[in-house]
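One structure below.
Derivation of every value follows stated rules applied to the coordinates shown; laboratory data play no part. Because the structure is predicted, anything quoted here is derived from the model rather than measured. Positions of Cβ are backbone-derived with ideal geometry, glycine not excepted, and every protein chain shown enters the neighbour counts.
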Amino acid sequence: MRAYVAIMAAIMLLAQTVWAIDAAPAFSDPQLQARYEKLTHQLRCLVCQNETIADSNATLAADLRKQLREMIAAGKSDQDILNYMTDRYGDFVLYKPPFEARTVLLWSAPVLLVLAGVIAAFNVIMRRARLPMEESNDAMSDDELDESRRRTV
Amino acid sequence: MWRYAIPVAIFAVLFGFLFVGLNRDPSYVPSPLIGKHAPAFSLTTVEDPNKQVSPEDFHGKPFVLNVWGTWCAECRREHETLLEISRQGLAPIVGLNWKDERESAEQWLRQLGDPYAATAFDPEGRAGIDWGVYGAPETFLIDANGVIVYKHIAPLTMEVWNREFVPRIRAGGGRS
């Protein structure tokens, strides 16, 4: 089992390098490279839409990666770069939409849905907790109970 | 009684969201550039590597910026419409030849006709990024003050031109 996990982990690590889009790492400085990779995973490829620019083969994604590399090399901050992208392509270019009036429902939906589920579950459980005695009384009269017992005996 | 209303309400909300979603084009990305000043560029023209063209050259009256490339099949389909629009002469069309080769672009204009007042050559797509272009064809309308007032994504048709562009050009302080 342990060997299996180790093999799978090795394969996954390998797969990551295989799937990296640009042949060579963009920066020799590991810190810049980490920033570059983080940002490419935050930006959407607008042609393919469901891929980040890190994963996309589209030429526009390649252009945006190039732009990104140059901006990082020029010493721009992450926020500068994200602003640059949203100024041109809108919030849609961000994989993680900003929290604002327009996106309140989007961001709060998971919490609201969990809350609704908890409330529903609570109601059902409370009702069940009150039921058993009444239910057995309702479902079968004492006579019927006696009769069913007699039949099983 | 209201226990039955809850599933119905949930269904109605879901139905509403999904129904609206059905009629939306997921490939349409609204441009944040509407209402903003047209991004500047200074590129050479397709025809002449020594001649520069910039959106500034066309400020003072409304103009159209059309993004195209010879690799783009939809652009070919759109070309006839652009020729007709240029014959109308309501507003000049500036071409932005995006991520293309100069020779192919020149040949395209020779063979199919040239509807453009000038065509900027943007092989690396820099100006394209500045204009928020993510596909071709895309067509922008810039008013007399140099502000982008409309963007059409997908091939331009006379119907779209007459409905979206013409009234805006007439309202945009154009002298034409």
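On the beta carbon distance between A:ALA109 and B:SER42, with R0 = 51 Å, the FRET formula returns roughly 0.65. For the protein assembly as shown, the Cβ-based charge dipole about the Cα centre amounts to some 440 debye (Lys, Arg positive; Asp, Glu negative; other atoms uncharged). Per-residue Karplus couplings for region B:118-133, computed as 6.51 cos²θ - 1.76 cosθ + 1.60 with θ equal to phi - 60°, are listed in order as 6, 10, 7, 9, 10, x, 8, x, 5, 4, x, 4, 4, 8, x, 7 Hz, Gly and Pro entered as x. Could you calculate the FRET efficiency of A:ASP55 with A:VAL124 from 1/(1 + (r/R0)^6), where r is the beta carbon distance between them and R0 is 56 Å, rounded to 0.05? Taking R0 as 56 Å, the efficiency between A:ASP55 and A:VAL124 is 0.85. Of the residues B:LEU109, B:GLN88, B:ILE169, the one whose Cα sits farthest toward the positive end of the charge dipole of the protein assembly as shown, with +1 on the Cβ of Lys and Arg and -1 on the Cβ of Asp and Glu, is B:ILE169. Using only Cα atoms and rounding to the nearest 10 degrees, what angle (0 to 90) does helix B:2-22 make with the longest principal axis of chain B? Helix B:2-22 and the main axis of chain B meet at about 10 degrees.
As a proxy for reagent exposure, ranking A:ARG65, A:ARG127, B:ARG77 by other Cβ atoms within 10 Å from fewest up yields A:ARG127, B:ARG77, A:ARG65. What the phi angles of region A:49-66 give under the Karplus curve with 6.51, -1.76 and 1.60, with θ = phi - 60°, is a coupling list of 6, 9, 10, 7, 5, 6, 9, 8, 8, 4, 5, 5, 4, 5, 4, 5, 4, 5 Hz, glycine and proline written as x. For the protein assembly as shown, the 222 nm mean residue ellipticity estimated from helices alone, with every DSSP H stretch of n ≥ 4 adding -39500 (n - 2.57) and the total spread over all residues, rounds to -15500 deg cm²/dmol. Taking other C-beta atoms within 10 angstrom as a stand-in for reagent exposure, A:ASP63, B:ASP122, B:ASP57 fall in the order B:ASP57, A:ASP63, B:ASP122, fewest first. Take each residue of peptide B:129-137, count the partner chain Cβ atoms within 10 Å of its Cβ, and average: the result is 5. Structure note, pairs A:LYS66/B:LYS61; A:LYS66/A:LYS96; A:LYS76/B:LYS51; B:LYS51/B:LYS151; A:LYS76/B:LYS36; B:LYS36/B:LYS61: Cα-Cα distances above 25 angstrom occur for A:LYS66/B:LYS61; A:LYS76/B:LYS51; B:LYS51/B:LYS151. Please give the helix B:73-88 orientation as an angle from the longest Cα principal axis of chain B, in degrees from 0 to 90, rounded to the nearest 10. So the helix axis and the longest Cα principal axis differ by about 70 degrees.
Each of A:SER28, B:SER31, B:SER86, A:SER77 has some number of other Cβ atoms within 10 Å of its Cβ, and from fewest to most they run A:SER28, A:SER77, B:SER86, B:SER31.
Ordering A:SER56, A:GLN31, A:VAL5 by the projection of their Cα atoms onto the charge dipole of region A:2-98, which places +1 on the Cβ of Lys and Arg and -1 on the Cβ of Asp and Glu, puts A:VAL5 at the extreme positive end.
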